[in-house]
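Enquirer: This structure is in structure tokens; I'll ask about it shortly.
The values are calculated or read from the model by the stated rules, or taken from the named source; none is laboratory data. Values in this document were obtained by computation on a predicted structure and should not be read as measured data. Glycine gets a Cβ as well: all are built from the backbone with ideal geometry, and neighbour counts include every protein chain shown.
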Amino acid sequence: MYDFAYQKPSSLADAARALASDADAKVLAGGQTLIPVLKQRLNKPSTVIDLSKLGLAGIKVSGDAVTIGAMTTHAAVAASAEVKRAIPALAALAGGIGDIQVRNRGTIGGSLANNDPSACYPAAVLALGATITTNKRSISADDYFQGMFTTALAADEVITEVSFPVPARAAYVKFKNPASRYAMVGVFVATGPKGVRVAVTGAGQGGVFRHTAAEAALGKSWSAAALDGVSISPDNMNSDIHASAPYRAHLVGVITRRAVAAAG
């Protein structure tokens, strides 16, 4: 681990100023990605800015939306009775991230800011048509994700909360790596105020994406059978030691059917 300065601002404005003044600064939320890469010397920030004193944790549920503070842990989302009532698929997704240690330290804001191509939360955000709010603006899910580890966030932006419209039906199913529990393929399906949406994580070379062919089929008939004949090209699928591109393309179809069946 390289030497770095450490700051723990007590206001969002101070955190934003610290980020804007130092191009090599990094934000620390739950630390489930940053700390390992620091230990492996894969990143060399000049300053680490700890967000834990900014009061960004918490869950609010209105009649038609669930709003989750950026520093809310996966464990808190999974255990929330309000989330379980409003969007049970979201609570189930959070409860399947990593292991108990990861769930009790990792945060929704950290996951979305990092935008790992195999992370679970991006699939929920994109499929539910959520809105990501920062210290400067609100960003729609369709505009937020811009490729592997790439988002619409500016250098001095900090995610403050994420608002999810409550769907009529939704489910998330993932085919997980047995060691890391990251999604080799994860599919979140939803129908509700944002229409029929299907988001896939873990499979695409560019990170999370919408499966528009599946959305079109499900828009005509919400059933697993409606997906018969719907396929996806392996051309833009990930290929690694865990699964080939054609295998991942096949899994997208299998997991999408399972998610639709789970949603009811």
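Enquirer: All but one of (1) part of a strand (DSSP E or B); (2) assigned by TED's automatic domain parsing to the domain that holds N236 hold for G207; state the number of the condition that does not hold.
Expert: (1)
Enquirer: Could I ask something else about it? If L251 passes every condition in (1) out of contact with any Phe, Trp or Tyr (no Cβ under 8 Å at 6 or more places or on another chain); (2) assigned to a helix (DSSP H, G or I) but one, which one does it miss?
Expert: (1)
Enquirer: Kindly indicate the residue of region 156-199 that is aromatic (F, W, Y) and assigned to a strand (DSSP E or B) and also surrounded by the most Cβ atoms within 10 Å (Cβ to Cβ) among those meeting that condition.
Expert: Checked region 156-199; the qualifying residue surrounded by the most Cβ atoms within 10 Å (Cβ to Cβ) is F188.
Enquirer: Scan region 160-176 for residues that are within 24 Å of P88 (Cβ to Cβ) and out of contact with any Phe, Trp or Tyr (no Cβ under 9 Å at 6 or more places or on another chain) and jot them down.
Expert: If the condition is that a residue be within 24 Å of P88 (Cβ to Cβ) and out of contact with any Phe, Trp or Tyr (no Cβ under 9 Å at 6 or more places or on another chain), then E161, S163, F164, P165, V166, P167, A168, F175 are the ones that fit.
Enquirer: While we're here: In this structure, is I87 of a type in the set (A, V, I, L, M, F, W, C), closer than 20 Å to G186 by Cβ and surrounded by fewer than 19 Cβ atoms within 10 Å (Cβ to Cβ)?
Expert: no
Enquirer: Looking only at region 143-155, which residues are free of Cβ contacts under 8 Å to residues at least 24 places away in the same chain and not in a loop (DSSP other than H, G, I, E, B)?
Expert: D143, the sole residue that qualifies.
Enquirer: Inspect all residues belonging to region 72-95 and state whether any of them is hydrophobic (A, V, I, L, M, F, W, C), farther than 23 Å from S163 by Cβ, out of contact with any helix residue (DSSP H, G or I) (no Cβ under 6 Å at 6 or more places or on another chain) and free of Cβ contacts under 8 Å to residues at least 12 places away in the same chain.
Expert: Among the residues of region 72-95, not one is hydrophobic (A, V, I, L, M, F, W, C), farther than 23 Å from S163 by Cβ, out of contact with any helix residue (DSSP H, G or I) (no Cβ under 6 Å at 6 or more places or on another chain) and free of Cβ contacts under 8 Å to residues at least 12 places away in the same chain, which makes the answer no.
Enquirer: Taking region 36-71 only, how many residues are more than 21 Å from A16 (Cβ to Cβ) and under 21 Å from the mean Cα position of the chain (by Cα)?
Expert: Qualifying residue count for the region: 8.
Enquirer: Residue check: is A124 on the phi < 0 side of the Ramachandran plot and touching a Phe, Trp or Tyr at 6+ places or on another chain (Cβ under 6 Å)?
Expert: Judged against the criteria, A124 is a match.
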